[in-house]
Amino acid sequence: MEGQFLIYGLIGIAVLFLFTKLLKWPIKILINGIVGVVILYVVNFIIAKLKLLGINLNFSLAINPITALIAGFFGVPGVIVLIIIGAFL
């Protein structure tokens with residue numbers, strides 16, 4: 001009886017280990033996407049405040065999955081590239 005609990009425990013630990021390894025990348029992508037959305041929102045908020053001060057930049061950054069992941073993965077340099085691309089397009 002105690003041998004069965006040991007086997008079940010080892011199987012449970014192995015399944016938990018595999019489960020955490022398989023979910024590592026999707027959770028990281030999700031967190032990076034959320035951080036990207038927050039960064040893009042802050043940039044759009046700053047652009048809107050500049051319009052109130054009389055500085056009209058005439059663009060805003062779209063918040064969609066692609067731009068959110070770019071901003072999440074690359075951080076501030078990714079947002080700067082998105083701003084440059086948005087300014088030229």
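What follows is calculated from the coordinates using simple rules that are stated; it is not laboratory data. Because the structure is a prediction, the values reported are computed rather than measured. Don't worry about glycine lacking a Cβ; one is built from the backbone with ideal geometry, like all the others, and counts go over all protein chains shown.
Worth pointing out:
- Any hit, the range 17-31, residues being within 15 Å of the chain's Cα centre (by Cα) and touching a residue at least 24 places away in the same chain (Cβ under 8 Å): yes
- Every residue from the range 49-75 that is farther than 16 Å from residue 89 by Cβ and without any contact (Cβ under 8 Å) to a residue 12 or more places away in the chain: 49, 50, 51, 52, 53, 54, 55, 56, 74
- Single unsatisfied condition, residue 32 versus (1) exposed (fewer than 12 other Cβ atoms within 10 Å of the Cβ); (2) assigned to a helix (DSSP H, G or I): (1)
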